[in-house]
Structure formats: structure tokens, C-alpha cells
Amino acid sequence: MSASADRPSRPRPSAARCARVAHSFVQAGVDLAELADRARDAGWDMVELDVLSDGGELVVAHDSGDLSRPGQIRFADALAVLRAGLPRATAIDVDIKTVGYEHRVLDAIRQAELLPRTLVSTMERSSLELLRAAEPALALGLSVPRARRNYLAHPLTRPAAYAMLAYMRRTLPARAARWLREGIADAIMAHWRVVTPRLVDAVADADGELYAWTVDDPSRLEALERLGVNGVITNHLARAATSVASASRAAGAASGASASRAAPGGA
């Protein structure tokens, strides 16, 4: 049994439906009034909130470049707006971008009374271990692979990157199942390139959740939907909604399991 069995019920994706997760839903430069309107009208199943520490202050930011943008939003203020504006069924993914401020993030989530509906994700296992010890009830997600930039974008690093992706596709299912069963994480947040039928099955067998990031191509969204991931992290709700209808039609027309279980392709 997964270590998550004794935790409070967080809004979870339906087994019959792939959840839509808003990538970087809150960004610098958006005023809080506009953010409240977006939160009320969103229509997402989950929204993602990136957080960094800037001079001791927790702010909404994806990377260090965001810290120099005007209109920074305090993490606590963003949580307050989301708590007031989001439907209660909408979950929140708080993505910790680096180490050193995990307990402050947890304190902010507690103060906003959002613990039961929040998933905290990160690439750093050490952060998950700290959070698990501090708050066993908090749902945790491990992001893979642990990469800070796109190594496929440069011709010098591309061959090694493809080799590493192939290795991860072979080894990740067993490792992910172990992380889930050991209670290190409750969810695996996987780049779409490493998502395979074996990974989907391994995560499900370990009673975990599997989210694919970041998926904006409609055909890739459909492929992941058919594959059975719990959710996709995307920038485009309209494309995601279209893919749900298309995937449902495709699944109904499929004549065999192999047709509906092909891993998403593309470079």
C-alpha cells in the first residue's frame, strides 16, 4: 500500500479523465485583481504555482530571470487569491524550484489553509524528505528528469540527451514504483518524453499519480490521454479540452489495446 493511504483527501484526478494542470498559472506582472478573475474563470483541474526565495521573501517565479521582472507577486498573496477565487475542487501544485526554503513554503501553505488541496512538487529529493518529515499529510510530487535546461536544444549536448532519455524510459518505471512505495513521493511529475506504458502501469500499481509536463501539442495530449496518465501540465486549456474530445473518439474507435497504449512520439 502507498504511504499516501493515511493522508487527507486532496482533489484527485478521476480515473476516467485526464486532469488539466495550468502551467505557471501565476506569473509576475499580473495584478492580484486580474489573478482573482483568472482563478474564478479558469476551468482547470489544478493550477501550478512556481516559488523561489528572493532575499528572504517567497515570490512566485519560475527561474532566476523572473526575479528581475517588474510586478513580483508574493507567494503568500498568490495563495490567498487562489484560496478565495478557485473552486474548492481545483487543486494547487506548488513547484519548489530549488532548495533551502522548504519549511517556509510549508508554513505559507498552512497559513493559507490550503494543505488538503495542495501538491508540492520539486526535482530535489532532499526537499521531499524534509517536507515529509515536517508534514506527513502533505502530498508530494517528484519531478523527473532532474534537468535545469533543455539539453536537446544544442547540437553538442543533443546526442547525450537522447541517450539519457532512452535510459530513463527503460529504468524509470521500477524506480518510480520504488519511490512511491517508500513514501518519498505520492506523484511522479514526468517530462512527456520519458512517459511510457510501463511507467503508467508502474505508477498505477504503486497507487501513485502520474503527471506529464509540459504538453502543448494537441496530438501529444491525445496520446498521453490514451496512455492513461492522471494529468497533463499545459499552457493551453482550449487545446487540452479539444484533445479530451478527440481522445475519447479515438479510444472508442480503437480496435485493440495496442492501438490505445502507444507512447507519445515526436522529437
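Structure above, values below:
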quantity: Built amide H within the under 5 Å cut-off of Asp95, gap 5+; calculated: Leu49, Asp50, Val51, Ser121
quantity: Where labels lie 7 Å past Cα in the beta-carbon direction, separation of Arg17 and Glu34 in nm; calculated: 2.9
quantity: By average C-beta atoms within 10 angstrom, highest first, the peptides 103-111, 192-200; calculated: 192-200, 103-111
quantity: Most to least packed among 115-127, 63-75 [average Cβ atoms within 10 Å]; calculated: 115-127, 63-75
quantity: Antiparallel content of DSSP bridges confined to the range 17-247, in %, to 5; calculated: 15
quantity: Size of the range 17-247 as Cα extents on the principal axes (Å, biggest first); calculated: 43, 39, 39
quantity: Stokes-Einstein translational diffusion, the range 157-211 - Kirkwood Rh over all Cα pairs, 1.002 mPa s, 20 °C, in µm²/s; calculated: 190
quantity: Förster-model FRET efficiency, 22 Å R0, His103 and Asp201, C-beta, rounded to 0.05; calculated: 0.05
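Only the coordinates and a few stated rules stand behind these numbers; no lab work does. Since the model is a prediction, treat every value here as computed from it, not as a measurement. Positions of Cβ are backbone-derived with ideal geometry, glycine not excepted, and every protein chain shown enters the neighbour counts.
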